[in-house]
Amino acid sequence: MIEFKHPFDKPAYFEQALFLYIKYSKFLDDDYALNNKNVYDYFINLIDRTYPLFFVIVENDFLIGFVYLDNIIGDSKRLHSAELTTCFNKCYWGDYTKKCARIFLNYCFKKYGFKKIKALVYPDNFRVKTLLKKAGFEKEALLKNETLRDGILQDIEIYSAFNQER
């Protein structure tokens with residue numbers, strides 16, 4: 001059974017999530033993310049900043065990945081949209097991540113009432129774009145030269161999923 005938990009529920013969850021972040025940060029962040037912080041401090045601050053919307057995904061007490069919502073639009077009475085970031089252990093890429101994505105989207109739409117969840121993706125990240133499309137996201141925009149990655153101007157694609165309940 002897939003469960004969404006807080007990364008500090010068990011020390012091992014945090015350690016495994018940090019390991020995944022370090023391993024895949026080049027796909028998650030741009031040149032500005034760390035901003036002269038060490039990776040450990042950055043990751044702790046990321047969890048604190050996005051709490052309570054940072055989750056580790058666990059099955060049979062093993063961490064599969066993590067997911068968090070950031071850049072929330074809304075207020076204390078109603079949430080409108082958020083930006084989704086995911087990171088999964090490579091052995092779970094494929095159908096399993098698609099299943100997790102659909103479960104997490106439904107969870108966010110029902111529990112928090114979001115109308116829209118978007119994901120920002122580097123155009124060369126075909127695995128994530130395929131995952132998003134199969135989970136019900138659609139490409140909404142291309143932001144040209146949006147940031148720097150490895151010192152090179154980088155485009156960003158925006159994919160969005162919409163809550164079908166009105």
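The values are calculated or read from the model by the stated rules, or taken from the named source; none is laboratory data. From a predicted model like this one, the values you see are computed outputs, not experimental measurements. The area values use the complete protein model at the heavy-atom level, side chains included, leaving out ligands, DNA and RNA. Shrake-Rupley method; radii C 1.70, N 1.55, O 1.52, S 1.80 Å.
Structure summary
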| item | result |
| --- | --- |
| Heavy-atom surface of the chain, accessible at 1.4 Å and reported per residue (Å²) | 58 Å² |
| Heavy-atom accessible surface of the range 1-135: percent carbon and sulfur, 1.4 Å | 53 percent |
| Exposure rank, largest accessible area first [PHE137, PHE8; 1.4 Å] | PHE8, PHE137 |
| ³J(HN,Hα), Karplus 6.51/-1.76/1.60, whole Hz, each residue of the range 136-146, x for Gly, Pro | x, 7, 10, 5, 10, 7, 10, 9, 6, 6, 6 |
| Among the listed pairs LYS10/LYS111; LYS77/LYS134; LYS37/LYS111; LYS5/LYS139; LYS37/LYS134; LYS5/LYS77, those beyond 26 Å (Cα-Cα) | LYS77/LYS134; LYS37/LYS111; LYS5/LYS139; LYS37/LYS134 |
| Value of [θ]222 nm, deg cm²/dmol, for the chain, DSSP H segments ≥ 4, -39500 (n - 2.57) each, nearest 500 | -11000 deg cm²/dmol |
